[in-house]
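Visitor: Pasting a structure here, questions to come.
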Ligand code: SAJ
C-alpha cells in the first residue's frame, strides 16, 4: 500500500526536518507536537529551531499544502515517532532512560490507528523499547493485531529506524545517509523500507528491532569513547607541558590513526546521553563505555578548575587588584560549533558554575543565541564579539564557532582555549 499521508509525531530537531523532506516529495504530512507555539509557528510557514536549509523547505511545504501541524494525532497511513528520550537521575551514579515521551506519543496515536498502518520509532532508545511500544499499542487497541502476536500477518506494522543525522547538516544527511531498519517482523521491515525510500538516497539495511536500537547506541558510544581518548590526552599533555593539538595532528599522520579533538566535555542530547542506555542495561559489561562517560564528564570540571587557577594567577600578577576587577568573557554557550542548541552543553555548565562562584564580571559571547537561558539572566551579560574589555580579563573559548576565527583573542590578558581555535601554542 502506498503512503498517502504520513504523520510525524514530535516536531523538533529530527521530526520537523523529516516532515519537511517527506512533504517536499509531495506526500501529505501531518506534524504533531504538544507545543501549541511550535505548531502555530510551523503553520505560518516558519520554524522554531535553527537548522540550515530547513526554513526554505518548511515554508514551501506549508504554502503548497503538503505540511500541516496539529497538537492531536489524526489518522494517517504511517506514523514516525521522533520524540526525546532523556534520562533521569537515580540514587546510583548511573541515570536511567526516561521513556515517558515515547509512551505518551504511542498512546496518543493508538486511538487513530487503522488496519494496514505502519508505526516507526525513530527516537534513540534502549534495547527493547520498540517491543515495549508494540505492547503499549496492543494494550490500547485489542481490536487490532500486532507483529509481536502474529508476525507477518499483523494488521499493524512496527519498526525501529533510528535517526542518525548530524545537527547542522540534517537536511543533506536525511537524504544521503544509509538507514538501519529493524522491523518486529520481516514484513514490518519491508514496509518501513518502502516508506524511507520515498526520500532516502542511501541504502536501507534491514535487521531486527533490537539490533537496530543497539546500532544507534553503539555509534554514539563509539564517538563518546573516542572523544574521551582525546580529552584524556589533553589533560595528560597539560601535565607534561605538551601542546595537545600539535600532538594529535602529528599522531594523525599515521595512516591508521584518527584521533578526535578535545574540548570542554561532550554535550548534546545524543552522545552525552545514549551511552547511559547501554551502561544502565549492562553495567557489569559496559566498563570502557562507562569509563569514557566519566572522563568526558570530568573534563568539564577540569576546565572549570583551570579557569579558577587563571583567576588566581591574575590576582598574583596584580596584587593590588581584587576579584571584582576581573572580567571573564566566555566564547560560546552551545554544545558545539555553528548551531543554536544548548542541550547538555558543557559550556553552559561551566558558565553556570562560574556564575555561582565568581565575584567578578562574566560575559557570554555567542552569535547563535539572542538571549541567555533564564537562570543566567541578570547574573551574566550577553556580550558582543568586539566588546570593549577590562584590563584584567580572561577569554575562555568554549565553542569553536566559525565566527570566532575573527576575534582578536590576544587583546585579553589570559586565554583558556578548550577547542584549539587560537594559535596552536595557546592552550592555557
Ligand atoms: N566533540 C568533541 N570533539 C570532537 C567531536 C565532537 O569534543 O572531535 C563534542 C562536540 O563539541 C559536542 C559533542 O562532542 O559537544 C557531540 O558532537 P558531535 O558532533 O560528535 O555529535 P552530535 O551530538 O551533534 O550528533 C551525533 C552524531 N553521531 C555520530 O556522529 C556517531 C549524529 O550522527 C547522530 O545522529 C546524533 O548524535 C544523534 O542524534 O544521535
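Visitor: Could you please tell me which pairs satisfy a Cβ distance under 8 Å, a separation of 6+ or placement on different chains, a first residue in segment 314-331 that is free of Cβ contacts under 8 Å to residues at least 40 places away in the same chain, and a second residue that is assigned to a strand (DSSP E or B) and buried (at least 22 other Cβ atoms within 10 Å of the Cβ)?
Guide: Correct list of pairs: 315/326.
Visitor: Since residue 181 meets every condition but one in (1) assigned to a helix (DSSP H, G or I); (2) within 16 Å of the ligand (Cβ to nearest atom), which condition does it not meet?
Guide: Unmet condition: (1).
Visitor: Which pairs have Cβ atoms under 6 Å, sit 6 or more apart or on different chains, and link a residue in segment 166-180 that is closer than 11 Å to residue 200 by Cα to one that is within 9 Å of the ligand (Cβ to nearest atom)?
Guide: Once the first residue is closer than 11 Å to residue 200 by Cα and sits in segment 166-180, its partners that are within 9 Å of the ligand (Cβ to nearest atom) give 173/165; 173/166; 174/165; 177/164.
Visitor: Could you tell me whether any residue of segment 137-149 is assigned to a helix (DSSP H, G or I), in the same structural domain as residue 49 (by TED's automatic domain parsing) and farther than 29 Å from residue 280 by Cβ?
Guide: No, segment 137-149 has no match at all.
Visitor: All but one of (1) in a loop (DSSP other than H, G, I, E, B); (2) surrounded by 18 or more Cβ atoms within 10 Å (Cβ to Cβ); (3) touching a helix residue (DSSP H, G or I) at 6+ places or on another chain (Cβ under 8 Å) hold for residue 167; which doesn't?
Guide: The failed condition is (3).
Visitor: Let me spell it out: the conditions are (1) within 8 Å of the ligand (Cβ to nearest atom); (2) in contact (Cβ under 8 Å) with a residue 60 or more places away in the chain, and residue 271 meets all of them except one. Which number is the exception?
Guide: Unmet for residue 271, out of (1) within 8 Å of the ligand (Cβ to nearest atom); (2) in contact (Cβ under 8 Å) with a residue 60 or more places away in the chain: (2).
Visitor: A further question on this structure: Being modelled with pLDDT under 95 and either crowded, with 16+ Cβ neighbours inside 10 Å or at positive phi (or both) narrows it down to one of 389, 350, so name that one.
Guide: When all the criteria are applied, what remains is 389.
Visitor: Right, something else. Somewhere in segment 139-150, is a residue under 28 Å from the mean Cα position of the chain (by Cα) and surrounded by fewer than 17 Cβ atoms within 10 Å (Cβ to Cβ)?
Guide: Our first condition is that a residue be under 28 Å from the mean Cα position of the chain (by Cα); within segment 139-150, this holds for none.
No, every residue in segment 139-150 fails to be under 28 Å from the mean Cα position of the chain (by Cα) and surrounded by fewer than 17 Cβ atoms within 10 Å (Cβ to Cβ).
The values are calculated or read from the model by the stated rules, or taken from the named source; none is laboratory data. Quantities reported herein were computed from a predicted structural model and do not represent experimental measurements. Neighbour counts run over all protein chains shown; Cβ positions are idealised from the backbone, glycine included.
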